[in-house]
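S.K.: Would you mind keeping the following structure in view while I ask a few things?
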Amino acid sequence: MDPWLVWLIVAGFLAVAEIFTLTTALGMLGAAALVTAGTAALGLPAPFQFLVFTIVATLGVVFLRPVALRHLSQPQTERFGIDALIGKSAYVVSEVTGLGGRVRIEGEEWTARAYDETLVIPPGTAVDVMEISGSTALVYPRE
């Protein structure tokens, strides 16, 4: 079997292992094996292939891995799904009380309850979505 094919298989195994571990270290080693496969395809002797693998793997693990880990550990900045609706403005479609009502949030009609159960919010009032509980928006009038 050709050496470049062996390196390519090693790169594939390391890439698959990286998918299951998410450590980024195996990904860097897989990339080093891929670069080494390219040099082996050019006809570089085996000792130099190992030297290329060692250098590329070391550079990847020492310099690129910390950058990748920093990027992966950043907090999520955007909210999705119902979490994205919290803090949005809505308009009361039918009177909202502590027991129920309806509001329109970004073009969609939702069941709603007043965040303060003693409030009665008339139709046409602008409200803020304070919380989503199941499929019900808890709202409070805007000031």
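S.K.: Could you give each residue of region 11-17 its phi-based ³J(HN,Hα) in whole Hz, using Karplus coefficients 6.51, -1.76, 1.60 with θ = phi - 60°, and x for Gly or Pro?
M.R.: 4, x, 4, 5, 5, 5, 4
S.K.: Another question, then. Would you mind checking which residues have amide H under 5 Å from residue 23's amide H? H placed 1.01 Å from N; only 5 or more apart, or other chain.
M.R.: Amide H neighbours of residue 23: none.
S.K.: For a quick check: with amide H placed at 1.01 Å from N, whose amide H comes under 5 Å from residue 136's, ignoring anything fewer than 5 positions away on the same chain?
M.R.: none
S.K.: Among 133, 76, 119, whose Cα lies farthest out toward the positive end of the dipole of region 65-143, if unit charges sit on the beta carbon of Lys, Arg (+1) and Asp, Glu (-1)?
M.R.: Result: 76, furthest along the dipole toward the positive end.
S.K.: Here's another thing I want to ask about it. Expressed as a whole percentage, what fraction of the accessible surface of the chain belongs to carbon and sulfur atoms when a 1.4 Å probe is rolled over the protein heavy atoms?
M.R.: 66 percent
S.K.: Could you bin all the Cα-Cα distances of region 61-142 into 5 Å bins starting at 0 and give me the percent of pairs in each, rounded to whole numbers?
M.R.: The calculated distribution, bin by bin, is 3, 16, 24, 17, 8, 5, 5, 5, 6, 5, 4, 2, 0.
S.K.: Would you mind giving the average projected area, over all directions, of the Cα convex hull of the chain in nm² with one decimal? Mind showing how you got there, number by number?
M.R.: Working: hull surface 52.8 nm².
Result: 13.2 nm².
S.K.: Count charges around residue 27 for me, please; just the other residues with Cβ under 9 Å from its Cβ, Lys/Arg as +1, Asp/Glu as -1.
M.R.: 0
S.K.: Here's something else I'd like to know. Note down the net charge around residue 98, summing +1 for each Lys or Arg and -1 for each Asp or Glu among other residues with Cβ under 13 Å from its Cβ.
M.R.: -2
S.K.: Normalising by the residue count of the chain, find the relative contact order in percent from Cα pairs under 8 Å and 6+ residues apart.
M.R.: This gives 15 percent for the chain.
S.K.: Follow-up. Would you kindly state how much longer the chain becomes between residue 120 and residue 99 on full extension, computed as 0.36 nm times their sequence separation minus their alpha carbon distance, in nm to one decimal?
M.R.: 6.6 nm is the gain from fully extending residue 120 to residue 99.
The values are calculated or read from the model by the stated rules, or taken from the named source; none is laboratory data. Nothing here was measured: the structure is a model prediction, and the numbers come from that model. Note that we place each Cβ from the backbone using ideal geometry, even for glycine, and neighbour counts take in every protein chain shown. Ligands, DNA and RNA are excluded from the accessible area calculation, which covers all protein heavy atoms including side chains. Shrake-Rupley method; radii C 1.70, N 1.55, O 1.52, S 1.80 Å.
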